[in-house]
Amino acid sequence: MFFNSKWGQHAIHSITSGSAQQKFNKTDFKKLNIPIPTDNWVDNHISPFLKMTDLNKAETRLLKRIKSSLLNKYF
């Protein structure tokens, strides 16, 4: 995901050379600094999102059950 982001693309672009067929060597690629989020950052930013996603999925399942039970009553 990092290399698909604008920051990752910029990092790759910074080590490329050549004009027609762009390339980079493995040594320069290995030296790239790739940011890895800390556990604290993940807990503060990603975990709430995942909890909301789980709640949304549970609510969707409940609404589908209600829908099917109501449709079965009237049709």
**OP:** Would you tally the net charge around Arg61, using a Cβ to Cβ cut-off of less than 15 Å, leaving Arg61 out, and scoring K and R as +1, D and E as -1?
**Re:** +2
Subject >> Cα→Cβ-extended label distance, 7 Å offset, between Ile36 and Asp54, nm >> reply: 2.5
Original post:
What number comes out for the charge environment of His45, summing +1 per Lys or Arg and -1 per Asp or Glu over other residues with Cβ under 15 Å away?
Top reply: -1
Original post:
Using alpha carbons only, what's the Rg to Rh ratio of the chain with Rh from Kirkwood?
Top reply: 1.38
**OP:** Using Cα positions and a limit of under 28 Å, work out the lysines in reach of Lys64, with same-chain residues fewer than 8 apart set aside.
**Re:** Lys51, Lys73
Original post:
To the nearest 20 debye, what charge dipole does region 1-64 have about its Cα centre, counting +1 at the Cβ of each Lys and Arg and -1 at the Cβ of each Asp and Glu?
Top reply: 260
Subject >> Amide N proximity, region 28-54 versus Ile12 label position 7 Å along Cα-to-Cβ, cut-off under 19 Å >> reply: 28-36
Subject >> Carbon/sulfur fraction of accessible area - the chain, other protein chains in place, 1.4 Å, % >> reply: 60
Original post:
Tell me which lysines have Cα within less than 25 Å of Lys23's Cα, excluding those fewer than 8 residues away on the same chain?
Top reply: Lys6, Lys31
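The values are calculated or read from the model by the stated rules, or taken from the named source; none is laboratory data. Bear in mind that the values here come from a model prediction, so they are computed numbers and not experimental data. Note that each Cβ is placed from the backbone with ideal geometry, even for glycine, and that neighbours are counted across all protein chains shown. Just so you know, the surface numbers come from the protein's heavy atoms only, side chains and all, with ligands and any DNA or RNA stripped out. Shrake-Rupley method; radii C 1.70, N 1.55, O 1.52, S 1.80 Å.
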